[in-house]
Amino acid sequence: MYEDLKKRFNEEGFVVVRDLFEPSEIEFYREVVKEAIKERKQLDERNLEDKSEYEKSFVQCQNLWEDNLEIRKLTFDQRICKMASELIGTDSIRLWHDQALLKESGGRETDPHHDQPYWPIKETNTVTAWIPLCDIDASNGQLGFYPGSHKLKDQKFINIFSGKVDDKDFQETTNLDSKEIRYQTLKAGDVSFHHGLTFHRAKANVSNEDRVVHTAIFFADGSTRGDDKFHFSVDRPDIKVGEKIASDVTPIAYPIQELPDKPKNGISDEFIGYKMLGLLPRD
């Protein structure tokens, strides 16, 4: 099984593993993640229309594994972590961070982008596990990939924080045609994996229900910091450019015999705004 999935992953930059979780597990984790998001976002009283274009795409809560033991079990579930390790062809992986992505009813599309340029990791052996906690189709924020886009030699940074990404500009910048995108219909229990350099996007949520997804980003153990771009995963433990990325903020995810402990050091109150909006743990 692993060899076939790995071959497809290497060729296309993404793969879907069907029925990795039982329905009862997903039902449990859906309620856990929804409650964790509610707890994180309790001080954010804005309506959807009051948010930035980026925030209208999804509610984002990072590092939930630090707050919640049950979510820690999900993030470090060895079925997910072993699959991630196999797909990128390494014996050991670390967690970069996890996050919930809740696309609210009425939420706009997620603009086309790829993830790796946002992270100061020199090596490109990275993979995201995208875990739907509800069935996902064309009506509620369906995820789509540009097959083979992780192999592009000239990787362009697409900034989705600054507002809507124009499709024409995206095509001219990347030479990727949106007609080539392959959208994934997913059942709760399936898990989608994509390479850090694979371009992807998601449709708007035109359904009456919120779309609930949990994600975990992994990288090969032994990877190093490639530049001084700020990121909590390396700046919180004060990892310098050129040093190996290894700390309790990015613990070993596979193989493990027991769950990692919460990081010893919290996030500075210098970032109180992110904490108050629920993006980051408050302590």
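Here residue 239 clears all of (1) of a type in the set (A, V, I, L, M, F, W, C); (2) buried (at least 17 other Cβ atoms within 10 Å of the Cβ); (3) assigned to a loop (DSSP other than H, G, I, E, B); (4) touching a helix residue (DSSP H, G or I) at 6+ places or on another chain (Cβ under 7 Å) except the condition numbered (4). Of all residues in the stretch 3-55, those being of a type in the set (Phe, Trp, Tyr) and within 20 Å of residue 193 (Cβ to Cβ) number 4. If you go through the stretch 102-154 and keep only what is within 21 Å of residue 55 (Cβ to Cβ) and among the hydrophobic types (A, V, I, L, M, F, W, C), you end up with 102, 119, 130, 133, 134, 136, 143. One residue is enough: does the stretch 178-194 have a residue meeting the conditions more than 30 Å from residue 90 (Cβ to Cβ) and without any contact (Cβ under 8 Å) to a residue 40 or more places away in the chain? Checking the stretch 178-194: at least one residue is more than 30 Å from residue 90 (Cβ to Cβ) and without any contact (Cβ under 8 Å) to a residue 40 or more places away in the chain. Would you say residue 187 is crowded, with 20+ Cβ neighbours inside 10 Å and of a type in the set (D, E, K, R)? No; evaluated as a whole, the condition is false for this residue. The residue pairs whose first member lies in the stretch 150-165 and is in contact (Cβ under 8 Å) with a residue 60 or more places away in the chain and closer than 15 Å to residue 195 by Cβ, whose second member is hydroxyl-bearing (Ser, Thr, Tyr) and in a loop (DSSP other than H, G, I, E, B), and whose beta carbons are closer than 8 Å, counting only pairs six or more residues apart or on different chains, are 150/198.
Return the residue satisfying two criteria in turn: it lies in the stretch 162-182 and is within 30 Å of residue 21 (Cα to Cα) and surrounded by fewer than 16 Cβ atoms within 10 Å (Cβ to Cβ), and of such residues it is farthest from the chain's Cα centre (by Cα). This residue is 180.
Checking 278, 266 one by one, the residue that is at positive phi, at pLDDT below 95 and of a type outside the set (S, T, N, Q) is 278 and no other. Scanning the stretch 85-114 for residues that are among the hydrophobic types (A, V, I, L, M, F, W, C) and over 19 Å from residue 233 (Cα atoms) yields 87, 88, 102.
For the stretch 91-112, give me each residue that is surrounded by fewer than 19 Cβ atoms within 10 Å (Cβ to Cβ) and either of a type outside the set (Gly, Ala, Ser) or free of Cβ contacts under 8 Å to residues at least 12 places away in the same chain (or both). Listed by number, the residues that qualify are 91, 109.
Might you let me know whether the stretch 219-227 holds any residue that is surrounded by fewer than 18 Cβ atoms within 10 Å (Cβ to Cβ) and among the hydroxyl-bearing types (Ser, Thr, Tyr)?
Yes, the stretch 219-227 has at least one match.
Number of residues in the stretch 166-176 that are within 19 Å of residue 196 (Cα to Cα) and not in a helix (DSSP H, G or I): the value is 2. No other residue among 247, 268, 233 is among the polar types (S, T, N, Q), out of contact with any Ser or Thr (no Cβ under 7 Å at 6 or more places or on another chain) and crowded, with 17+ Cβ neighbours inside 10 Å apart from 247. Residue check: is residue 241 hydrophobic (A, V, I, L, M, F, W, C) and more than 22 Å from residue 72 (Cβ to Cβ)? Considered against the rule, which asks whether it is hydrophobic (A, V, I, L, M, F, W, C) and more than 22 Å from residue 72 (Cβ to Cβ), residue 241 comes out as yes. In the stretch 30-56, the qualifying residues are those that are more than 20 Å from the chain's Cα centre (by Cα) and polar (S, T, N, Q), and the one that is surrounded by the fewest Cβ atoms within 10 Å (Cβ to Cβ) is 47. Of all residues in the stretch 253-265, those satisfying the criterion of being surrounded by fewer than 16 Cβ atoms within 10 Å (Cβ to Cβ), over 18 Å from residue 68 (Cα atoms) and in contact (Cβ under 8 Å) with a residue 12 or more places away in the chain are 255, 256.
Condition check for residue 27 on (1) buried (at least 17 other Cβ atoms within 10 Å of the Cβ); (2) at pLDDT 95 or above: one failure, at (1).
Residue 219 fulfils the conditions (1) farther than 27 Å from residue 92 by Cβ; (2) among the hydrophobic types (A, V, I, L, M, F, W, C); (3) in a strand (DSSP E or B) except for a single criterion, (1).
The values are calculated or read from the model by the stated rules, or taken from the named source; none is laboratory data. Since this is a predicted model, take the numbers as computed values, not measurements. Don't worry about glycine lacking a Cβ; one is built from the backbone with ideal geometry, like all the others, and counts go over all protein chains shown.
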